[in-house]
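Below is one structure, written out as structure tokens; the observations come after it.
The values are calculated or read from the model by the stated rules, or taken from the named source; none is laboratory data. This structure is a prediction, so every number in the text was calculated from the model and none was measured. No Cβ is skipped: glycine too gets one built from the backbone with ideal geometry, and neighbour counts run over all protein chains shown.
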Amino acid sequence: MSSKFFLRNCIVLAVVFVAVSCVRQESMAIAGEEDHPNLIVIMTDEHNFRTLGCYRETMEKRQAYMWGPSVVETPNIDWIAKNGAMCTSFYATTPVCSPSRGSLISGLYPQAHAVVTNNIPLNDDVVTFGHLLGKLGYATGYAGKWHLDGDGKPQWAPRRRFGFDDNRFMFNRGHWKNLKTDDQGPRVGSTKKNEPSYDVGDADEKTFTTDFLMDRTIEFVEANKSKPFCYMVSIPDPHGPDTVRAPYDSMYANQTYEKPTTFDVDDRTIPQWGAPDVKTGFGQSKYYGMVKCIDDNVGRLIKKLSDEGILEKTMIVFTSDHGDLRGEHHRQNKGVPWEGSARVPFLIYYPPVVKQGKVVDQALTSVDFAPTLMSIFGIKTETRFHGRDFSSLLGNVAGNQADTWTDIAFARGTGDIPGWLMAVTDRYKLVIATNDQPWLFDLERDPDELINMIENSAYRAIASDLAVKLEGYCREFQDPRFKSPRVASDIEWLARGKGPYPGPKTPTRKQR
């Protein structure tokens, strides 16, 4: 080998070595950079967006005060909206616990991460934002309800961590009200017949679950404040049972509440997928107490971040897995495409990117969070997301593309083929189901969702456009519900058909 050839090879190898070293050093620099942003995700459970003052401010009076003039004030959660952005049309991809949670952490629709209904384990190969940030050197952790590891209850610290390394205070299932910890680790503080119980028991400001979980979050911040961190705290309130510790249990006891405007609507006019399931269910006293306790704890977290001098370098996200109808449409809880069930709060604070007081009206869902997070944090990944990056809607980024954004989002009911699919924009909502004719709502003219515009000729083009987009979603993301002959034929008629609705007539329910 000539000396010239040998020298040239040495130079090439040296260049490669330097390049590789630079890449490694750059990766390490990213992981240890003092100004690299932190992330805290606060998720509540079964939370009606109307209980937050920031959302009430965007609504007309009758919608804002669904249960009358008695409300709960939420100044700390509202602070996130006033100093960050509020998404007014944010939906759970499936409005029940497990599927929604799986979609938020992965950016995938439920049929892809496998959790199409509650109590199904998340697929082993799912990549979460915890994984992606952890690979960059972030300290990662999770406290509270997980609900993505099957039937275990409470099942502390599930073996599969999905990128959330410190999961000591993660429990798989349950709406426990009293949590304690000692040298043996965390446990449920209330028992009945020697089994963990949902009773509040002797819970106080240290052991009531909301307070307990926020204490763990603050401890994580304290331990990791000198480096980038990612922490998700999943509070199991204000989900039922509607109980809360003192003084929140009596704070709203003297308030009076009204029936929702849709409570006494003739049941025969309600879609099959929204059939009534309760006779009562609009008393708000304890529900408001749970919300107030959450708000006070959010205030504690914000103060901690401020005191540590890291508030403005920390992205704070506040959201929920699904809503709670609280008597609307003669229903309780969730699982249906009504606004009170499927629409959830989503607030995001991060001053370098998010414009102060920004209101985002375009329709979004849980799958859109992960790709947006990666974009805002400047992280390039080969992980495929089903959602879209909506950072361009948040106001402080160059080349704001709000005017060219396609306003559309998709959601689905639980399970595979039987059930409903939804295509929604800021104004219109199309619901296709295996047990009813298509329903089209104009949320601006009909915020109570009482009038089906599907055969109104003035809405024909709107219905067609939504159906075409829904069909595109079904094909691209392989939603098995599209295999239903009724769903497929209804979408085909809406997208390209003419004349009156040709589908099967829906049986009329008996009046109450």
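Is region 349-362 home to any residue that is under 24 Å from A423 (Cα atoms), buried (at least 24 other Cβ atoms within 10 Å of the Cβ) and assigned by TED's automatic domain parsing to the domain that holds F49? Scanning region 349-362, I find no residue that is under 24 Å from A423 (Cα atoms), buried (at least 24 other Cβ atoms within 10 Å of the Cβ) and assigned by TED's automatic domain parsing to the domain that holds F49, so the answer is no. Of the strands (runs of 3 or more DSSP E) lying entirely inside region 77-186, not one is found with 1 or more residues being at pLDDT below 95 and among the small types (G, A, S). Taken together, the residues in region 442-491 that are in contact with a Pro (Cβ under 6 Å, 6 or more places away or on another chain) and assigned to a helix (DSSP H, G or I) amount to 1. Search region 433-470 for residues being touching a strand residue (DSSP E or B) at 6+ places or on another chain (Cβ under 7 Å) and small (G, A, S), and hand back the single one that is surrounded by the fewest Cβ atoms within 10 Å (Cβ to Cβ). Here the residue is A463. For E328, the stated conditions hold: it is within 24 Å of D426 (Cα to Cα), assigned by TED's automatic domain parsing to the domain that holds S226 and either more than 16 Å from the chain's Cα centre (by Cα) or not aromatic (F, W, Y) (or both).
Here is the figure for region 31-76: residues that are small (G, A, S), in a helix (DSSP H, G or I) and closer than 18 Å to Y287 by Cβ total 2.
Cβ separations smaller than 6 Å between residues 6+ apart or across chains give the following pairs from region 432-451 residues that are among the β-branched types (V, I, T) to residues that are assigned to a strand (DSSP E or B) and at pLDDT 95 or above: I432/L421; I432/P438.
Being closer than 23 Å to R50 by Cβ, surrounded by 20 or more Cβ atoms within 10 Å (Cβ to Cβ) and either in contact with a His (Cβ under 9 Å, 6 or more places away or on another chain) or among the acidic types (D, E) (or both) narrows it down to one residue among P236, P271, P241; which is it?
Numbers: P271 fails: either in contact with a His (Cβ under 9 Å, 6 or more places away or on another chain) or among the acidic types (D, E) (or both); P241 fails: surrounded by 20 or more Cβ atoms within 10 Å (Cβ to Cβ).
The unique qualifying residue is P236.
Any idea how many residues of region 347-390 are farther than 18 Å from K313 by Cα and either in a loop (DSSP other than H, G, I, E, B) or without any contact (Cβ under 8 Å) to a residue 60 or more places away in the chain (or both)? Summing the residues that are farther than 18 Å from K313 by Cα and either in a loop (DSSP other than H, G, I, E, B) or without any contact (Cβ under 8 Å) to a residue 60 or more places away in the chain (or both) in region 347-390 gives 14.
Pairs, please: C-beta under 6 Å, at least 6 apart or cross-chain, first residue surrounded by fewer than 18 Cβ atoms within 10 Å (Cβ to Cβ) and in region 156-170, second small (G, A, S)? Listed pairs, sorted by first residue: R168/A157. Inspect region 140-150 for any residue being free of Cβ contacts under 8 Å to residues at least 12 places away in the same chain, on the phi < 0 side of the Ramachandran plot, in the same structural domain as M290 (by TED's automatic domain parsing) and not acidic (D, E) and give the result as yes or no. Scanning region 140-150 turns up no residue that is free of Cβ contacts under 8 Å to residues at least 12 places away in the same chain, on the phi < 0 side of the Ramachandran plot, in the same structural domain as M290 (by TED's automatic domain parsing) and not acidic (D, E). Tell me, which residue of region 468-501 that is aromatic (F, W, Y) and over 14 Å from L440 (Cβ atoms) is farthest from the chain's Cα centre (by Cα)? Within region 468-501, the match that is farthest from the chain's Cα centre (by Cα) is F482. Considering (1) hydrophobic (A, V, I, L, M, F, W, C); (2) in contact with a Gly (Cβ under 8 Å, 6 or more places away or on another chain); (3) assigned to a loop (DSSP other than H, G, I, E, B); (4) in contact (Cβ under 8 Å) with a residue 60 or more places away in the chain, the lone condition that L213 does not fulfil carries the number (3).
Just wondering, is there one or more residues in region 31-42 that are of a type in the set (A, V, I, L, M, F, W, C), surrounded by fewer than 24 Cβ atoms within 10 Å (Cβ to Cβ) and at pLDDT below 95?
Going residue by residue through region 31-42, those that are of a type in the set (A, V, I, L, M, F, W, C) are 31, 39-42.
When the remaining residues are screened for being surrounded by fewer than 24 Cβ atoms within 10 Å (Cβ to Cβ), the result is 31, 39-41.
Next cut, at pLDDT below 95 only: 31.
Yes, that holds for at least one residue.
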